[in-house]
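See below for the structure under consideration.
Taken together, the values in this text are just the output of simple stated rules run on the coordinates, not laboratory data. What you see is a predicted model; the values in this text were computed from it and never measured. For neighbour counting, all protein chains shown are included, and Cβ atoms are generated from backbone atoms with ideal geometry for every residue, glycine included.
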Amino acid sequence: MTASHLLTLAEREHWALGAFNAANLETLQAIFQAASALAAPVLIESSPGETAFVGETALRALVDAYRERYGVHAYLNLDHAETLEQAERGLGAGYDLIHLDASEQPYAENVRVTRSIVEAAHRQHRLVEGELEHIPGSSSRHAALPATAQRQTTHTDPDRAESYVRATNVDTLAVSIGNVHGVYAQPPTLNFERLHAIRSAVRCHLSLHGGSGIRDADIRQAIQLGIAKINVNSELRLAYLEALQRAVKKPKEVAVYKFMPPVIAAVQRVVEAKLTLFGSAGKAKRTWVKRMIG
Ligand code: 13P
């Protein structure tokens, strides 16, 4: 089973692969434990900051080790690589999927660099995700309304998306339909009419960034309309921080790993809820995978 098979199946059967950011061991364990408990396939991903913090090769090695330890179908995604060099480094380190976010570059430059990484990645049977309109915000808690971040972007135009996908040959397109990175004072409003039009216009897979803080009903509808991959970071970060703040109130404990289980459990609960919502729970069961491969 490859990430490509999973995205195709997810799209065909109207469920989505969860892509969860991991910047440390506890978050990684939480994601693997959730995926293992629910027999869900999963993408582990690292943003540029997270990648620099852990190191590409270290993260690759950890994901490989945890795949074995937990028996999980897990794939590694480079999230929002900002330059061709970062994307190439990810490819060199063995990331299974590369998201090159050149959305803030002029269109021609976006196409040039994205196409270049697609050619390199496809030679190694890896996947590339492209981004056309910048998805605003940051993976944090924001006191503002989502409209504040949404003002910084335009929704993906279906015709432009079709030309972009044809010119770059990306496997996946990150859509901009009102989704924003982070958790805001209110959930964002998604443009489902636009999503439907994008789905009809392009042949590649569609990915939804900013998976935190979106209403459950809206996530379900986005999946029904063709979203096959959903990125989640902020809700994991917030669960981690809140649980850690509670855990370090015990003044006597100095063995770090001993106060981490409740932190891991808090992040795991968030991941399990998302895997259930995305419909990917149970999709990695051996019988199911066998049936789907034929
Ligand atoms: P959130 O922080 O809103 O979950 O978004 C994460 C993301 O899209 C990473 O690419």
Item to check | Gln105-Arg203 FRET efficiency (beta carbon distance; Förster radius 22 Å; 0.05 resolution) | outcome: 0.40
Item to check | Coordinate range along principal axes, alpha carbons of the chain, Å, largest first | outcome: 60, 46, 36
Item to check | For the chain, built as a Gaussian network whose Cα springs stay under 10 Å, the top-fluctuating residue of Leu78, Leu132, Leu145 | outcome: Leu145
Checklist entry - What helices does the chain have that are whole DSSP H segments, at least 20 Å long along their own axis by Cα, and with mean Kyte-Doolittle hydropathy of 0.5 or more? => result 261-278
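Once you keep just the Cα pairs under 8 angstrom separated by 6 or more residues, what percentage relative contact order results for segment 1-116?
Relative contact order of segment 1-116: 21 percent.
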Checklist entry - Taking the Cβ of Gln105 as the center, what net charge do the other residues with Cβ under 11 Å away carry, scoring Lys and Arg +1 and Asp and Glu -1? => result -4
Next on the checklist: Once you keep just the Cα pairs under 8 angstrom separated by 6 or more residues, what percentage relative contact order results for segment 202-268?
Outcome noted: 31
Item to check | Sites Ala167 and Arg12, calculated FRET efficiency, Cβ-Cβ separation with R0 30 Å, nearest 0.05 | outcome: 0.70
Checklist entry - Near the amide H of Thr2, under 5 Å away, which other amide H atoms are found, from residues 5 or more places off or on another chain, if H is placed in the peptide plane? => result none
Checklist outcome for this item: If every Lys and Arg gets +1 and every Asp and Glu gets -1 at its Cβ, then about the Cα centre the chain yields a dipole, in debye to the nearest 20, of 1080
Item to check | Percent of beta bridges antiparallel (DSSP, segment 129-261, rounded to nearest 5) | outcome: 0
Checklist entry - Under the rule of -39500 (n - 2.57) per DSSP H run of 4 or more residues, summed and divided by the residues of the chain, what mean residue ellipticity at 222 nm is obtained, to the nearest 500 deg cm²/dmol? => result -15500 deg cm²/dmol
Next on the checklist: Which one, Gln105, Ala34, Val118, projects farthest toward the positive side of the charge dipole computed for the chain from Cβ point charges (K/R +1, D/E -1)?
Outcome noted: Ala34
Next on the checklist: For the chain, what is the number of Lys pairs with C-alpha distance below 16 angstrom, counting only pairs 8 or more positions apart or on separate chains?
Outcome noted: 5
Next on the checklist: Starting from 0.36 nm per residue, how many nanometres of slack lie between Ser138 and Ala273 once their C-alpha separation is accounted for?
Outcome noted: 46.4 nm
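Counting pairs of alpha carbon atoms under 8 Å apart in space and at least six apart in sequence, what relative contact order in percent does the chain give?
Across the chain, relative contact order equals 23 percent.
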Checklist entry - Under 5 Å between amide H atoms, partner at least 5 residues away or on a different chain: which partners does Ala284 have, H built in plane at 1.01 Å? => result Ala40
Checklist outcome for this item: Label model pair Val254, Glu85: point-to-point distance (7 angstrom along the Cα→beta-carbon line) in nm is 4.2
Checklist entry - Tell me, how many Å apart are the Cα centres for segment 226-255 and for segment 81-107? => result 27
Item to check | Debye, to nearest 20: dipole size of segment 1-109, +1 on Lys, Arg Cβ, -1 on Asp, Glu Cβ | outcome: 500
Next on the checklist: Using a Gaussian network model on the chain with a 10 Å cutoff between Cα atoms, which of Glu56, Glu242, Glu131 fluctuates the most?
Outcome noted: Glu242
